[in-house]
Amino acid sequence: MENTLLLVDDEENILHSLVRVLRSEGYHILTATDGEQALQILASNEVQVILSDQRMPGMSGSEMLSHAKELYPETVRMILSGYADLASVTDAINRGNIYKFLIKPWDADLLRANIREAFDRYELGRKGAQFTKIYENTVEGILITDGESRIQAVNPAFTAITGYLPEEALGKTPAILHSGKQDAEFYRRMWLSLLDQGKWTGEIWNRRKNGEIYPEWLNITAIRDQHGHLQQYVGLFTDITEHMQAEEKLRYQAYHDPLTDLPNRLMYTEHLDMALPQARRREQMCGIMMLDLDYFKNINDTFGHEVGDKLLILVAQRLRECIRKEDTLARMGGDEFTFLLSLANDIKDVARVAEKILASFTHSFTIDGKDLFVTPSIGISLFPGDGEDAETLLKNADAAMYRAKEGGRNAYQFYTADMNAQAQERMSLENDLRHAQENGELEMYYQPKVATEDGRIVSAESLIRWHHPTRGFVSPSEFIPLAEENGLILPIGEWLLNEVCRQIRRWRDDGMAVPCIAVNLSGRQFQRQNLPDMLAQAIADAGINPGDLELELTEGTIMSNAESNIEMLVLLKRMGLSLAIDDFGTGYSSLSYLKRFPIDVLKIDYSFIRDIVTDNNSAQLVRSVIDMAHGLKLKVVAEGVETQEQLDFLRQHQCDLIQGYLFSKAVPAKNFESLVRAGSILLKNEAKTE
């Protein structure tokens, strides 16, 4: 900052003389010839020191400097005048309007020295004012004591933090703030640091006037004089309550799942790492459980992610009730939960927890007025038998969980040694499936549906086949459930639909009378809102008729949310598509809904057809389904017909269509074309059996 000096005198020759004397000092010098002009200059310039004559026309020097003090109190104000004016400025000096009175004629060296002193005083005053502002306005509490630790001064922040007014603290010691949370050893180390190093810094818990205990970050410095004698202690402190709360919140968020408020993977892993050495020392077991909700993706696809999130929250609450306080329940992500059953005495203890969990899921979860049922699959590994480190135990529990799913779900499975190989095989198969479509490994096969009466091929079911380059044919029962779980069923299903439409177009272009081709829709496909648009686009791109396609949906898919599914079925029916219920008899359709569904065909599941000749219950059920379907003006298809006896039974009871190995397995498109062109399958097969 530039040092600016204002010289005021009504005699210009004096002003010139002063400028000559002071120019060498490097000041920025301003001049005025009367008081009014001086005040105007002050209003537009930052002036540190004013040197003014006393006797001037209109306004005296002391009057002008009195105004300057009121307007610019930080300036250093001096008068340069004769002895005769001393009495007239004494009062102004006493009131502090004037810092110093200099005598004319002046001594040049003494004048320069006085001006330098005035600028030094200004700087000292400025720093003092800054310190005062800092002292009074800082958010840090300041506590100053004498060498005997008696409080001499406190700032406003001290009062704001502790609640003690200055008059309540002055003369006392900082002991009025002691919380009792620190022991004598803590204070012994603090004083040792102050004596040896002259300072101490650290976290301390103190007590406010109202009795509330709070944490603060405290810095104490010992102040000594030039001879090294202790004069004072200065303490600066900050209330770190909010900081600690923020840290605790961040730590909590780092270790907890934001949706369910359960521990997350990080906390679970830390608990597991601590539990294993403890169990080893005590020669006890730990149970590690991996739990996954069966078909949770279907709930998300059907009702939306908001309902899915609400379900996960309710599941977490129910699972909490199934474990002990010392155990850990965590959400690992998605619909996967993990348990740590620490210090288990016996495998039966772990099994009992798993059974308790399964039992808790027999009750529905009520969300937005809807009762939803969901089941868990649980995999269990045990320390130390199934692994001695966290990574191995978690991997083995995961393998056991997938075995539970493969075994029918809604079950628990303990780990066995062969599961790792199976888990690795499953991961390898999933990875290959992700590339199967782009590598041209998928192919559509077609299984005829023939009229019971004359054996004509009137329809066919399209079935996907996977030709793996090294595995050969991969069974659909192996890769379709995998595609359902990992979401690949959606792109595969869309490819399948387009490929069937294109194949119908190719047959038609080759002059073949194309029967209606059925396409299986998965539950996830059916729940997609853009299904009608996707179907319409595939049909239009291939240039075929909607009536060339039949959509097969399982009984469970349609009934999963019957009321809303009716709307979708009606929309598909209005597009001209034929609709069929697949695997009928294995689900829970009610007649009231069946009458409302715009269905054209019922397909009786092969599990009932298989036993119609040997089991009266199966035979009665099949007869009832055929009669009921005909009463509703529906056609009936029998799946899995393999023997002449089954055919005779179904023909006797007027089943409309037959599908099964007795006539033909699913075959590639060219083979199917040959079957269609050859005519009646049924009559040829009957001739072979005679």
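Structural remarks
- Cross-link pairs exceeding 20 Å between alpha carbons, from the set K69/K127; K635/K665; K449/K665; K249/K297; K104/K127; K297/K370: K635/K665; K249/K297; K104/K127.
- Tensor-based shape of the range 145-214 (alpha-carbon gyration tensor, a/c under 1.5 rounded, otherwise prolate or oblate): oblate
- Charge dipole of the chain about the Cα centre (unit charges at C-beta), most positive-ward option of P105, S664, A436: S664
- Computed accessible area, I347, all protein chains, 1.4 angstrom probe, square angstrom: 80
- Alpha-carbon centroids, the range 518-588 and the range 199-259: separation in whole Å: 68
- Cα-based shape type of the range 1-51, given that a ≥ b ≥ c are square roots of the gyration tensor eigenvalues and the cut on a/c is 1.5: oblate
- Under a model in which nothing but the beta-carbon of Lys, Arg (+1) and Asp, Glu (-1) is charged, the chain shows a dipole of about 660 debye around its Cα centre.
- Compared with the dominant Cα axis of the chain, that is its longest principal axis, helix 61-71 is turned about 20°.
- Cα shape, the chain, gyration tensor, a/c 1.5 rule: prolate
- For the chain: accessible area per residue (Å², 1.4 Å): 50
- Annotation for the range 216-295: GluC sites (Glu not before Pro) lying in DSSP loop with at most 12 further Cβ atoms inside 10 Å of their Cβ are E283.
- Accessible-area composition of the chain, carbon plus sulfur, in percent [1.4 Å probe]: 51
- Cβ-Cβ FRET estimate between A175 and Q424, R0 fixed at 60 Å, reported to 0.05: 0.30
- Accessible-area order (highest first, 1.4 angstrom probe) of the listed residues D239, D183: D183, D239
- Total charge dipole magnitude, the range 179-251, about the Cα centre, Cβ charges on Lys, Arg, Asp, Glu only, Debye to nearest 20: 120
- Accessible area of S24 in the full protein assembly, 1.4 Å probe (Å², nearest 10): 90
- Antiparallel %, DSSP beta bridges [both residues in the chain], to 5: 60
- Placing unit charges on the Cβ atoms of the charged side chains and taking the dipole of the range 1-62 about its Cα centre, the candidate lying farthest along the positive direction among L30, V19, I41 is V19.
- Under the combined filter of DSSP loop state and at most 14 neighbouring Cβ atoms within 10 Å, the range 600-685 retains these chymotrypsin sites (Phe, Trp or Tyr not before Pro): Y661.
- Calculated mean residue ellipticity at 222 nm for the chain: -14500 deg cm²/dmol, from DSSP H runs with n ≥ 4 weighted as -39500 (n - 2.57), summed, divided by the residue count and rounded to 500.
- Straightening the chain between K104 and E453 buys 111.7 nm, computed as 0.36 nm per residue apart minus the Cα-Cα spacing.
- Residue among T554, Q537, V307 farthest towards the positive dipole end of the chain, charges placed on Cβ: T554
The values are calculated or read from the model by the stated rules, or taken from the named source; none is laboratory data. Quick caveat: nothing in here was measured; it's all calculated off a predicted structure. Note: ideal-geometry Cβ built from the backbone for every residue, glycine included; neighbour counts use all protein chains shown. Only protein heavy atoms, including side chains, enter the accessible area calculation; ligands, DNA and RNA are left aside. Shrake-Rupley method; radii C 1.70, N 1.55, O 1.52, S 1.80 Å.
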